[in-house]
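Have a look at the structure below, then the notes.
Nothing in this text is a laboratory measurement; each read-out follows from the coordinates by a stated rule. Since the model is a prediction, treat every value here as computed from it, not as a measurement. Here the Cβ is made from the backbone with ideal geometry for all residues, glycine too, and neighbour counts use every protein chain on show.
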Amino acid sequence: MLFENEALLDQVSAQEERKQLGTIKLGDTKERVKKVMGPPDQIIPFLEGGDWYYGRSSISFDIHSGKVDGWNNLDGNIPVD
């Protein structure tokens, strides 16, 4: 149980650090997302867009502009605005 609590504290700490860097908004660039979130765990590219995964959460990028057009915040680790 102690390990689970420590892991949860680490997640909360990482989330707070990300919020200090800002939030993710529709239309953000990939560079902006990297600045706030760091490198993704997985990238599934599609033309100029695709999906970046951070755990089970993902950020989607438009196939033409390459800018954020949505997200799925399953893990609650994406600071969105």
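Using the beta-carbon distance between Lys35 and Ser60 and R0 = 25 Å, what value does 1/(1 + (r/R0)^6) give for FRET efficiency, to the nearest 0.05? Once the sixth-power term is evaluated, E becomes 0.90. Proximity of backbone amide H atoms, modeled 1.01 Å from N, is registered between Tyr54 and Asp41, Ile59 at under 5 Å, excluding neighbours fewer than 5 places apart on the same chain.
Here the extension length gained between Asn72 and Leu26 equals 15.3 nm, from 0.36 nm per residue of separation less the Cα-Cα distance.
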